[in-house]
Amino acid sequence: MNVQAITLRIIRQFRRDKRSLALMLLAPLLVLTLMWLVLDGDRYEPTIALVNVPEQMSELLEEQDVTIQKMDLSEAEEALDDLEIDALIHRQQSELNVTLEGSDPSTNQAVMGVVQKAMQNAVPAQSMPFKPQFDYLHGSDSLGLFDNVGPVLIGFFVFFFVFIIGGVSFLRERTQGTLERILSTPLKRWEIVTGYVSGFGLFTILQTALIAFFAIYALDVWMAGSIWYVLLVSMLLALTALTFGTLLSAFANNEFQMIQFIPIVIVPQVFFSGLFNLDAVASWIKMIGQIMPLTYGASALRGVMIRGEGFTDIQMDVYVLVAFALTFFILNIVALKKHRKL
């Protein structure tokens with residue numbers, strides 16, 4: 001009877017907590033669907049620009065799983081720098097120079113495989129008088145997988161931990177009655193939100209700086225740009241996660257419900273942050289990532305750390321992160337007004 005009573009109590013508890021029940025049933029389906037959309041795309045075909053390449057070599061390359069574009073040298077160099085192509089093949093006298101964009105090791109391997117296979121197909125009937133020489137616009141042949149995903153992981157861990165800590169801390173302020181007592185004072189709601197964000201923000205800055213410095217200097221993640229830009233982007237990500245976490249905490253009644261937001265708002269961002277190559281998926285799937293802060297943070301961090309980009313190159317990502325943080329900040333004030341009318 002005791003076992004039956006406990007079982008019935010748990011069942012009744014879940015029936016009353018319909019949000020937990022819905023999340024338990026639907027969240028795994030959502031995550032699995034996103035994984036299917038991202039990982040079940042077509043095989044990636046690299047895009048290569050040919051400049052003054054012999055017709056014989058061009059025909060051999062076109063037989064491979066690759067998209068060929070013929071340009072002049074200046075157009076190809078600009079396209080390579082803008083990430084519109086993955087590699088540039090340029091014939092100079094008796095040499096065939098292959099310049100790889102370089103920031104993604106898997107794409108580098110795909111391009112090198114295509115070129116080497118084309119060269120092998122030319123032997124021995126049509127012996128190719130060239131041997132390809134590979135070089136890199138960004139990175140080098142020593143750029144490893146962790147160097148490629150490291151910037152994304154820095155952004156992800158900053159966002160994840162700040163979201164959880166900020167959200168749960170703000171929730172405890174409410175459940176313990178501290179927030180209600182503050183609301184009874186003459187303080188304006190925007191002042192309360194600013195105070196909480198500033199207080200939590202000091203610790204998130206320390207945490208963000210620690211994660212970034214540890215990844216770069218202790219784990220030796222590839223670093224081609226300025227550490228100050230890394231800190232700037234990481235702190236904007238942390239501020240966005242903090243305001244986002246405090247916003248969602250207004251809709252949670254306890255820590256358990258706050259944790260339930262993770263598979264809904266954190267996990268999907270992982271799939272669109274750059275950890276997985278989305279070049280082969282449909283364009284409408286890529287659009288999902290445009291509404292996720294981590295997409296912009298990871299893009300800027302990867303640009304700075306792997307390609308050595310400066311503020312001009314990452315400014316759009318920075319502005320979007322600022323817009324996210326300001327939007328969540330304002331929504332925090334609105335949520336405070338809606339749920340705690342005085």
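Some points to look at:
- Among residues of the stretch 255-302, those that are of a type in the set (Asp, Glu), touching a helix residue (DSSP H, G or I) at 6+ places or on another chain (Cβ under 7 Å) and either outside any helix (DSSP H, G or I) or buried (at least 19 other Cβ atoms within 10 Å of the Cβ) (or both), counted: 0
So that you can scan it fast, the table gives a plain yes or no per residue for (1) in contact with a Leu (Cβ under 9 Å, 6 or more places away or on another chain); (2) open to solvent by 70 Å² or more (accessible area, probe 1.4 Å):
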position	(1), (2)
VAL3	no, yes
THR7	no, no
TRP36	no, yes
ASN52	yes, yes
MET57	yes, no
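- Counting residues in the stretch 196-209 that are farther than 30 Å from VAL334 by Cβ and either open to solvent by less than 40 Å² (accessible area, probe 1.4 Å) or not aliphatic (A, V, I, L, M) (or both) gives one or more.
- Scoring GLY139 on the criteria (1) within 27 Å of the chain's Cα centre (by Cα); (2) open to solvent by 30 Å² or more (accessible area, probe 1.4 Å) leaves a single failure, condition (2).
- Selected residue [closer than 25 Å to VAL149 by Cα and in contact with a Phe, Trp or Tyr (Cβ under 9 Å, 6 or more places away or on another chain)] from MET112, MET57: MET112
- Note on the stretch 303-317: residues that are in a helix (DSSP H, G or I) and open to solvent by 10 Å² or more (accessible area, probe 1.4 Å) amount to 6.
- Within the stretch 309-342, being under 28 Å from VAL38 (Cβ atoms) and not hydrophobic (A, V, I, L, M, F, W, C) holds for GLU309, ASP313, GLN315, ASP317, TYR319, THR327.
- Where a residue in the stretch 273-287 is of a type in the set (A, V, I, L, M) and its partner, wherever it lies, is in a loop (DSSP other than H, G, I, E, B) and at pLDDT below 80, with Cβ under 6 Å and at least six apart: ALA280/GLY41; ALA280/ASP42; ALA280/TYR44; VAL281/GLY41
- Residue pairs whose Cβ atoms lie under 7 Å apart, sitting 6 or more positions apart in sequence or on different chains, and linking a residue in the stretch 319-333 that is in contact (Cβ under 8 Å) with a residue 24 or more places away in the chain to a partner that is surrounded by fewer than 20 Cβ atoms within 10 Å (Cβ to Cβ), are ILE333/ARG189; ILE333/TRP190.
- Taking the criterion of being more than 24 Å from the chain's Cα centre (by Cα) and in contact (Cβ under 8 Å) with a residue 60 or more places away in the chain, the only residue of the stretch 25-53 that qualifies is ILE48.
The values are calculated or read from the model by the stated rules, or taken from the named source; none is laboratory data. Predicted, not measured: the structure shown is a model, and the values here were computed from it. Note that we place each Cβ from the backbone using ideal geometry, even for glycine, and neighbour counts take in every protein chain shown. SASA here: full protein model, heavy atoms, side chains in, ligands and nucleic acids out. Shrake-Rupley method; radii C 1.70, N 1.55, O 1.52, S 1.80 Å.
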